[in-house]
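The values are calculated or read from the model by the stated rules, or taken from the named source; none is laboratory data. Everything numeric in this text was worked out from a predicted model, so none of it was measured. Here Cβ is always computed from backbone atoms with ideal geometry, including for glycine, and neighbour counts include all displayed protein chains.
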């Protein structure tokens, strides 16, 4: 008896072969999108903004209306930009793994996330029988709310900031720690051992990495002498922090990035939802819209951490030719892409490695950098 | 802002602080009691905000919610034995605790009643930046010694916690599963 000879599968087109025409087409499309975006951006100041002035004056003169409009704007932005970020993440993952990513819904799969959001909205709302119902229901909102609040102080331009809080950095630190309350509630509420372990890990991780992150941010505060995020950007007029004060700011930025990854629960720090050991950690039991809230919070935090890095180290909204918010967006998306690059390159750490790395290396290193910055400022001041 | 807006803000913050505070001591599920602390502490932060104490708003959220509340919940989750909703809610020390609390309450009430509350238009508070600078100077200048003493106290607590955690366990922790619905349906 003889087996039929092995036959190679017919070569399929993945788009990653070196087909010059294909690559040229992709490049041309990219350039066209970029040119269109820049044209649209430069047309923005020429629009008849005067027509909306009365509305703006009305909003500006009523504190309560003002606050509501700002809160609504921030909420809408946070919800909508995540749709784009999730699409970008999938495309990026596809690119890193030599596949195409979503391609079918909309142009290059651009509407895939919208379709997914609709699907999540329509799914059955499942609460496990023995779950702690109240905590289970509240947890997704507890996780999402702090992230939403942080966007209130993120300066997109000198004027595009919902609330220019003079203690902006402290506010950010205070609010982001509260995410761990939501993960604890989710981990406990589901009454599932994987959830509980994931929740406990997430909480321990966020609390530990908060410390070196805060000290790294404190170095920037010492350098600039202010905690206001807009002031910090304005002080970088003569040069980005990471260039102008490179000896201390490059290590500070590296510590900030590592801690940021840990706070975002992204690989290599995705231990709270490690699929291979914990199913999916604290949101194992969640589905439908509640699950979507966790996802929303996670991706929004991604954009926020990138935006904070840009504000602290890369001159925020500053840049030539283009309007300030566009520059802020470009830089932030670049840092988000860096997060994605790391996520799809590096494997996961073990729990003991994660804790040891934070307490034995990052905390002392951040304190050394903080002292170095303080000495530098004192020497420059005298 | 008009005085009506301020009154409305104050009343809603007071409700936000007091209602969950009552829930904290009345709920049977000790973990729920921990989570009820969250709105109470946020309400206190809001009251600080109404007093233009910017730094305290953020410090309240950072320390009380971000650190202390999270640690309380963490500790509760690790010691599941105390979470049995059928356990009695008062302990053996109730006879000593009631007079202590009553005398504390009476003393506080006396102090509050004697305090000359300023009425009329208060002068504008300093900006958040100036307030923070002044507080920082006070903490490492005038009040450096009490500040450091507090640090030593916290350090002692930390060392004590490590010693307790390192102590050999006499009996293994019970793995009995507890119904965390709190007995309510």
note = Within segment A:170-180, residues more than 7 Å from chain B (Cβ to nearest Cβ) and over 15 Å from residue B:60 (Cα atoms) come out as A:179
message = Let me confirm something: among B:129, B:115, B:54, which residue is farther than 30 Å from residue A:132 by Cα, at pLDDT 80 or above and crowded, with 17+ Cβ neighbours inside 10 Å?
response = B:54
inquiry  = Can you report the number of residues in segment B:21-73 which are part of a helix (DSSP H, G or I) and either away from every other protein chain (no Cβ under 11 Å) or free of Cβ contacts under 8 Å to residues at least 24 places away in the same chain (or both)?
reply    = 33
remark   = Picked from segment B:63-75 (must be within 16 Å of residue B:36 (Cβ to Cβ) and surrounded by fewer than 18 Cβ atoms within 10 Å (Cβ to Cβ)), the residue modelled with the lowest pLDDT is B:72
request  = Kindly check whether there is at least one residue in segment B:77-91 that is within 14 Å of chain A (Cβ to nearest Cβ), closer than 30 Å to residue A:172 by Cα and modelled with pLDDT under 80.
outcome  = yes
ask   = What are the residues in segment B:8-20 that are within 14 Å of chain A (Cβ to nearest Cβ) and more than 14 Å from residue A:64 (Cα to Cα), if any?
value = B:12, B:20
task = Give just the number: which of (1) touching a residue at least 40 places away in the same chain (Cβ under 8 Å); (2) exposed (fewer than 13 other Cβ atoms within 10 Å of the Cβ) does residue A:352 not satisfy?
result = (1)
request  = Residues being buried (at least 21 other Cβ atoms within 10 Å of the Cβ) and within 14 Å of another protein chain (Cβ to nearest Cβ): count how many of those fall in segment A:201-213.
outcome  = 8
ask   = Got at least one residue in segment A:99-121 being touching a residue at least 40 places away in the same chain (Cβ under 8 Å) and surrounded by 20 or more Cβ atoms within 10 Å (Cβ to Cβ)?
value = no
task = Six or more apart or on different chains, Cβ under 6 Å: which pairs go from a residue in segment B:139-160 that's touching a residue at least 24 places away in the same chain (Cβ under 8 Å) and not assigned by TED's automatic domain parsing to the domain that holds residue B:63 to one that's surrounded by 11 or more Cβ atoms within 10 Å (Cβ to Cβ) and assigned to a helix (DSSP H, G or I)? Could you list them?
result = none
key: Flag for residue A:254 being under 20 Å from the mean Cα position of the chain (by Cα), surrounded by fewer than 22 Cβ atoms within 10 Å (Cβ to Cβ), within 12 Å of chain B (Cβ to nearest Cβ) and under 21 Å from residue A:306 (Cα atoms)   = no
remark   = Only unsatisfied item for residue A:255, checking (1) closer than 26 Å to residue A:343 by Cα; (2) modelled with pLDDT under 85; (3) assigned to a helix (DSSP H, G or I), is (2)
ask   = Is there a residue being in a loop (DSSP other than H, G, I, E, B), farther than 24 Å from residue A:93 by Cα and touching a residue at least 60 places away in the same chain (Cβ under 8 Å) anywhere in segment A:323-346?
value = yes
task = For residue A:300, indicate whether it is touching a residue at least 12 places away in the same chain (Cβ under 8 Å) and over 23 Å from residue A:137 (Cα atoms).
result = no
